[in-house]
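Each remark here refers to the structure printed beneath this line.
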Amino acid sequence: MTVPILPTTMVGSYSMPGWLERLKTDYFARRISRHDLDEIHDCAVRSAIKDQEMAGLDIVTDGELRRDNMIDYFIERLPGIQIDRSSKKFYYDFYDSEVLGKIPMAALGLVDDFKFLLANTERETKFCITGPHSLCKRVRNKYYPSDEALATDIARVMNMELKELVKAGAKLIQIDEPYYSGFPEDLPWGVEVLNKLVEGVNAKIAVHICYGNRYGKPSWEGSYRYLFPSILEAKVQQLSLEFARRGGEDLDLFREFSPPFELGAGVIDVKDQAVESPDIVAERIRKVAKFVPLEKISVLPDCGLFHLPRDIAFAKLRAMVDGTKIVRKELGR
Amino acid sequence: MILHLNHTRQESAAASTSEVVSTFLTLLEEGHLSAAQFARLQIYLDWLQYKQNFREPITLMQSAGQTPSMEVRIDSRQVSPGCLRQLVQKAIQPDAGSPGPIYLEDFRSLRSSIVWDFNQLYWQRLKDWERATGKSYEKALPGGVSDGHHPQAISDSARDFWKLLKDLETRNQLPAEIFVLEIGVGLAMRAGMWLDRFRALDQENGTSYYPRVRFLLGDYSLSTLERSRPAVKKHIDLCSFIALDALDPTKALSFLRHKVLHVHSSNMYDNLPDEEVVWRDNRLYWVQVRAYIPPEEAVRIGSAFGLAVDGVVRTVNRLLEVGPNALPDPEKGMGFWMEIWKAIRFEERLVDAVDLPEVALPAGLSYVQMEDILKDAPGDLRLHLSSGALESFRNTLPLLHPRGYLHVQDIFVTDLHEYCMGFYGPGKLDGSIVNWVNGALLREVAHRAGYDLHFAPFRYRVGSKTSILYTTQRE
């Protein structure tokens, strides 16, 4: 299946229902079994896929509803990382975790999640993972000489998983690296680690860099200028950046540096419950198009929709799709 | 009979536990109470934080819960020594022939009670009230002074903020405009002192933060904002005066989402609309109130102001519309207002939350969360919902810059168990209402919104009941 010009997709996560939050927390309190939780997750993911299809997205994700947060889902699959399982009171909390020895190679079990997504939609798919830089910032490092060394080893293990995902049919993989914005000084080595992560992975790679969305609020502020020129070395095909909440000032950087990447442009503010009109979305797309060729633009929300109520998340996706249609119509495409 | 001793003030409590026990045993022996009533009797011996409040010394309520019982609440501070027995007997066996209370409203949540109209009138006509009492609002505070204006506290606050800016500058993250917001400005004495101190620090250290500060003074009252200008006149170029609703500051300041580095308020949360709930038998009950004037007070006030008893209620309604001009002589109107305010009491009843499907908890709290919060709390607990404070708090957080923080100087109950050791309002403070703020609930709401809450005792004045709430980012 081919996607139209200005393909629409989510950054990754879909609205986390209150009832699912409750059940996840019940699981951590040992009130429901793993088996029951897995079934619940299956239902929730199917529902998230259906919502994306109904909203009209061209490329769908699994909504990341199996994940407690963007860190723990990966940390607990990485062998050799010690987790204090009593440290989580609410499902969304981060585990306290530490690495005490070299991380061995192992399958992370993400392929099953991808296969479930593939089996439940006929649309194009995208699979999203948290990148090694962000992961290493949440683990207490008691073994490796530096964060860079830890991240490099995480990348080595995850590289194998990405190749397995490709074998299973993944064509578009997104790496989430929001912690770049919190630690801009890490970027030169962060990009090297990113390149190791995607080395030999035969799929289109997008890297999503935002200013954080923990608890539905930004974790940092600043300008994307810090990305340049280091990011130009990244062996990825698409940058996914937020422009709705922050405005489009940083789009100038695409004129200044002419990066070789496609741009996944965030045109939906995920930190505000007010639903954008399709006209506003269209206007935001037109603005991006002044700096990036239309053929190289994908249309996305600023970040995951995790913290928005479902009805609002759905309405925002629909507005995004409708706004994109306005621009496509203007283009006659 | 179960006696709940809800205070720790042995010396200042007029009614002692032994007196309470012997009183009820005597009433039983003399046949004023049946054995069945006695078996189902729940007595709550409270010590009310505010002498001026909305309670009679003895309050009788048919109790809610799985086992219906008779609930007697005793204000151990209000009961005069030796009067307990007489008051209890009168409460449980009222004289059928005596006139009933003069009600000002039907049963409703405290938040919707007419007393908040009185509270609003007080702030609108503060000058009139101060003139009539001959003392300023501040003099009416328990210590006669507001902790909000303490010079050292203000100096420390300015220094902490300067340190944050320095750190941001070191990280190359200092915004071009530095937004600071004060909600509920009063006469802006604090704002003026804070800006003086901040400018001095900036100059001492050779930083250039001061000219970049955008100091926003927010208050719902335009006249208060106007009155606040002189206190900040030295810094007027940095100041903006913004009419905003303290319950939802983001509405007026949506253009500053995630941009404000410091938000401060003093003694505001304790005066925002509040309501109470009771956690009993693992169920949540709303405390509904009905404001009334005791009949003897209505007669007394009526005769003092030349009004029949039914005219008293009409004049109360008029007072809330036009203030002291409700009477031809505004001075008398002031007197009427003060007498009525002093006389207002609440009748109370508990209603199971399941019977009030239309009543919602404040935004940020769900019944499921409340159950989680209360599951480890004492089994029979009456607590503030602090709905106004919760609303204001939750609607302020979106303004905060990722490195920004909120400081609230106020009176907080920081642990739910404290509700078993005192009764923290509603009380009357001059012509306004005061409620301690349920910090334990605020902490839970903050947690879910991505913040940790901390409460530091106000260490600048011995005996102060104030705490300073401050937020830190939750990872």
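The values are calculated or read from the model by the stated rules, or taken from the named source; none is laboratory data. The shown structure was predicted, so the numbers you read here are calculated from the model rather than taken from an experiment. Methodologically, a virtual Cβ is constructed for each residue, glycine included, from the backbone with ideal geometry; neighbour enumeration extends over all protein chains shown.
Residue-wise test of (1) within 14 Å of chain A (Cβ to nearest Cβ); (2) at pLDDT 95 or above.
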site	(1), (2)
B:Arg125	no, no
B:Thr133	no, no
B:Ala140	no, no
B:Asp160	no, yes
B:Lys163	no, yes
B:Leu174	yes, no
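Per-residue answers, yes or no, for (1) at pLDDT 95 or above; (2) over 28 Å from A:Arg156 (Cα atoms); (3) away from chain B (no Cβ under 14 Å):
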| site | (1), (2), (3) |
| --- | --- |
| A:Leu65 | yes, no, yes |
| A:Asp84 | no, no, yes |
| A:Asp93 | no, no, no |
| A:Asp96 | no, no, no |
| A:Gly101 | no, no, yes |
| A:Lys115 | yes, no, yes |
| A:Phe127 | yes, no, yes |
### Message
Looking at A:Ser223 and the list (1) buried (at least 19 other Cβ atoms within 10 Å of the Cβ); (2) at pLDDT below 95, which single condition is not satisfied?
### Response
(1)
### Task
Given the conditions (1) crowded, with 19+ Cβ neighbours inside 10 Å; (2) closer than 22 Å to B:Gly422 by Cβ; (3) modelled with pLDDT of 85 or more, report the number of the one that B:Asn6 does not fulfil.
(3)
#### Entry: Options A:Lys142, A:Lys126, A:Lys88: the member that is in contact (Cβ under 8 Å) with a residue 24 or more places away in the chain and either among the aliphatic types (A, V, I, L, M) or farther than 30 Å from B:Arg448 by Cβ (or both)
A:Lys142
### Message
For the stretch A:197-211, give me the residue count where each residue is of a type outside the set (A, V, I, L, M, F, W, C) and either buried (at least 19 other Cβ atoms within 10 Å of the Cβ) or touching a Cys at 6+ places or on another chain (Cβ under 7 Å) (or both).
### Response
2
### Message
I need the full set of residues from the stretch A:175-217 which are facing another protein chain (nearest Cβ under 9 Å), under 15 Å from the mean Cα position of the chain (by Cα) and assigned to a loop (DSSP other than H, G, I, E, B), in order please.
### Response
A:Tyr211, A:Gly212
### Message
Exactly one condition in (1) buried (at least 16 other Cβ atoms within 10 Å of the Cβ); (2) touching a residue at least 60 places away in the same chain (Cβ under 8 Å) is false for B:Lys342; which is it?
### Response
(1)
### Task
Filter the stretch B:395-418 down to residues that are under 17 Å from the mean Cα position of the chain (by Cα) and either under 26 Å from A:Gln273 (Cβ atoms) or within 14 Å of chain A (Cβ to nearest Cβ) (or both), then give me how many there are.
1
### Query
Out of the residues in the stretch B:345-363 that are of a type in the set (A, V, I, L, M, F, W, C) and not in a helix (DSSP H, G or I), which is surrounded by the fewest Cβ atoms within 10 Å (Cβ to Cβ)?
B:Ala360
#### Entry: Every residue from the stretch B:45-65 that is over 20 Å from the mean Cα position of the chain (by Cα) and either in a strand (DSSP E or B) or at pLDDT 80 or above (or both)
B:Leu45, B:Pro57, B:Ile58, B:Thr59, B:Leu60, B:Met61, B:Gln62, B:Ser63
#### Entry: Meets criteria (more than 18 Å from A:Val11 (Cβ to Cβ), buried (at least 17 other Cβ atoms within 10 Å of the Cβ) and touching a residue at least 12 places away in the same chain (Cβ under 8 Å)) for A:Asp176
no
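Does at least one position in the stretch A:232-240 carry a residue that is without any contact (Cβ under 8 Å) to a residue 12 or more places away in the chain, part of a loop (DSSP other than H, G, I, E, B) and either out of contact with any Lys or Arg (no Cβ under 8 Å at 6 or more places or on another chain) or within 14 Å of another protein chain (Cβ to nearest Cβ) (or both)?
no
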### Summary
Scanning the stretch A:144-158 for residues that are surrounded by fewer than 18 Cβ atoms within 10 Å (Cβ to Cβ) and farther than 26 Å from A:Tyr224 by Cα gives A:Pro145, A:Arg156
### Identity of the residue in the stretch A:250-279, surrounded by fewer than 17 Cβ atoms within 10 Å (Cβ to Cβ) and under 30 Å from A:Arg310 (Cα atoms), that ends up nearest to the chain's Cα centre (by Cα)
A:Gln273
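Would you check which residues across the stretch A:218-231 are within 14 Å of another protein chain (Cβ to nearest Cβ), part of a loop (DSSP other than H, G, I, E, B) and aromatic (Phe, Trp, Tyr) and list them?
The one that is within 14 Å of another protein chain (Cβ to nearest Cβ), part of a loop (DSSP other than H, G, I, E, B) and aromatic (Phe, Trp, Tyr): A:Trp220.
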### Query
For the stretch B:434-449, how many residues are in contact with a Leu (Cβ under 9 Å, 6 or more places away or on another chain) and surrounded by 22 or more Cβ atoms within 10 Å (Cβ to Cβ)?
9
